[in-house]
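See below for the structure under consideration.
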Amino acid sequence: MELLSHLAIGVDAAFTGTNLLYCFAGVTLGTLIGVLPGLGPVATIAMLLPVTYGLPPTAALIMLSGIYYGAQYGGSTAAILVNMPGESSSVVTCLDGHAMAKQGRAGAALGIAAIGSFFAGTVATLVVAVAATPLAVFALKFGPAEYFALMVLGLVAAVVLAQGDILKAVAMTLAGLLLGLVGVDVNSGEERFTFGLPQLADGISFVVISMGVFGIGEIIANLERDERRDVAAVRVGRILPSRDDYRRSWKPVLRGSALGSLLGVLPGGGAMLGSFASYMVEKRLAKDPSRFGKGAIEGVAGPESANNAGAQTSFIPLLVMGLPANAVMALMIGAMMIHGIVPGPQVMSERPELFWGVIVSMWVGNAMLLLLNLPLIGVWVKLLAVPYRVLYPAILLFCCIGVYSVNNQMFDVLLTVAFGLLGYLFIKLRCEPAPLLLGFVLGPMLEENLRRAMLLSRGDPTVFLTRPLSLALLLLALALIVVMALPRLRATREVAFAEG
Amino acid sequence: MKIRILNRRDSFAGLFFILLGLAGSHAASGYPLGSAMRMGAGYFPLLLGAVLAVLGAVVLIRSVRVTDDEPAQDDGFALRPAVLVGAGVIVFALVVQQLGLVLATVALTLVSGHAHREVRFGELLGLSAVLSAFGVAVFAYGLGVPLPVGPA
């Protein structure tokens, strides 16, 4: 079987001593930083990126994906124990997870989250391995028009998924696209929006924007809030779920894994969509929906499995087409570029050991999370008790050095401050920053493919409508816009976010 | 009935998008535009900027209504954290190459540490010592980030 031989390549690459070590280091560091309140996976990955610069590409990617899963799990831990979700995908976990913690069942919630995540991770790894080859063959048929249409679909999906005002989310996407064009235009050599600054000729680093907006901006907003965390009051209780917990959870875990795997592949999707969907499905299927929000273990098991499955399958568009599905994948693409890998369908055939190694290490990373987290829950609880006034100067230092080490340029650190203040402004104006980051990363690719498609069609814009694949993708994007414009569905969307 | 700004947040957001869009398309109009077939450097950003400005205008108009309702209360800006966190990082960036990682870390911790509503000076001193030791060990030696440790 082809699949088995592919997986064998991956096992060879992933199960070397050093790569296992990097995977372990990534998962541990990711959990360590991700568990800190107010730090989501985006900020965690951006902060830990410099750690991977010196590594060979395969090891670096394995470590980065380890960091991602670790950060995701750390975020769930913070959500359950102190009701502070690091990012949107663990918002749902807060509802029943924190309610369980208040009843002294934090251990069971954390346990089922780890076990469900591991199961979902295993399923999703298989999905990625099975789907990758046919999708890559399919992706080779994509011309510039199709890539353009796919990116438009991705951006539209990101807008639909953004919390709050859709119009402002569209505007944020466009602002991101504009920011992405800063620097020398590859086609004409013309410098755009650089204000004559040589430091801007290569464009703004995505680390600068993500650290500024998601790191410094968040810190300022956190400082303004009068936050009180009652960690001391939380008793972890027994960690392994009871037989009754398992009986209630196994179906939600199965459904969550399926939903998460499916929704994770969508551009704009990723971990968050799956966890929202799973929560709503479980609530609807429950015999007694009123238990939800009051510590129903199904409300932890389902969404936690879904977000882990989604986190993993969102690698598919990145590895197969070179398109980031969400802000985390946007960071991954940047990391790949730093190591000289251009993401796209050719990676699979040109660097099989890297491609399959990363996929196999996804499963390894999940296994490590399970082994690491259950015994270490006590440590994470202690870490959560560290007061914020001690924490944030440390985070600032990591941000400074992390940003500096990308290009060894102090200018980047100053620019990060500017984006930090901008990020704080966005929070104040209720403008979601995630679409901005996605637009920023896709900006140059979108322009490049638009130009190429128009050149091939000799300036005829109908090329996007006459090619069937491109037409289908654009129709899908249009359908999404129509769906969210319908007042009834818009109300449902608001309810969904309000529930979250 | 009066014309009121119902949502000051959205008005600011709208203005921000308008300004960014106009600035973007203004700058883009200075670059070669080319044609639809051979797009120049200015074509795509000009289009983006224009659409962004229009969207901003819609956001702005939407926030102003003819109504008797009281405008929504909005929360002010927290100047102190914004200024002190920003200043701490700027000081770090400006001094680290001359004075070294240790002193820059101390400066960063002391300046940005005052952004919290609860300042404990002794704790900040201790924290800055721990952080600079950690920074030197992990970043300068461990990861080889090219930054001097002490004053040049």
For the protein assembly as shown, what is the mean residue ellipticity at 222 nm derived from helices alone (per DSSP H run of n ≥ 4: -39500 (n - 2.57); sum divided by total residues; nearest 500 deg cm²/dmol)? -23500 deg cm²/dmol
For segment A:357-446, state the average projected area of the convex hull of the C-alpha atoms over all orientations, rounded to one decimal in nm². 9.7 nm²
Does the protein assembly as shown come out rounded, prolate or oblate by the C-alpha gyration tensor, with a ≥ b ≥ c the root eigenvalues, rounded set by a/c under 1.5 and, if not, prolate when a/b is larger than b/c and oblate if not? rounded
Please give the average number of partner chain Cβ atoms lying within 10 Å of the Cβ of each residue in B:138-148, rounded to a whole number. 4
Just give me a number: lysine pairs in chain A, eight or more positions apart or cross-chain, with C-alpha atoms less than 27 Å apart. 11
Residue-by-residue Karplus 3J(HN,Hα) for segment A:20-35, coefficients 6.51, -1.76, 1.60, Hz, glycine and proline x: 4, 5, 5, 4, 4, 4, x, 4, 5, 4, x, 5, 4, 7, x, 6
Given H placed 1.01 Å from N in the peptide plane, which residues other than close sequence neighbours of B:ARG65 have an amide H under 5 Å from its amide H? B:ARG4, B:LEU6
Where labels lie 7 Å past Cα in the beta-carbon direction, separation of A:LEU455 and B:PHE134 in nm: 5.0 nm
So for segment B:36-152, what percent of the C-alpha to C-alpha distances run longer than 21 Å? 62 percent
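Got a sec? How would A:TYR388, A:TYR424 order by Cβ neighbour count within 10 Å, fewest to most?
Ascending Cβ contact count within 10 Å gives the list A:TYR388, A:TYR424.
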Cut-off is 10 Å between beta-carbons; in what order do A:THR194, A:THR125 appear when sorted fewest neighbours first? A:THR194, A:THR125
Among A:MET368, A:PRO461, A:LEU442, pick out the residue whose Cα is farthest towards the positive end of the charge dipole of chain A, where Lys and Arg carry +1 and Asp and Glu carry -1 on C-beta, about the Cα centre. A:MET368
Interchain or long-range residues, amide H under 5 Å from A:THR194's placed H: A:GLY183
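Values in this text are rule-based calculations from the coordinates and carry no lab data. If you're wondering where the values come from, they're calculated on a predicted model, not measured in any experiment. As a convention, Cβ positions derive from the backbone with ideal geometry for all residues, glycine included, and neighbour counts pool all protein chains shown.
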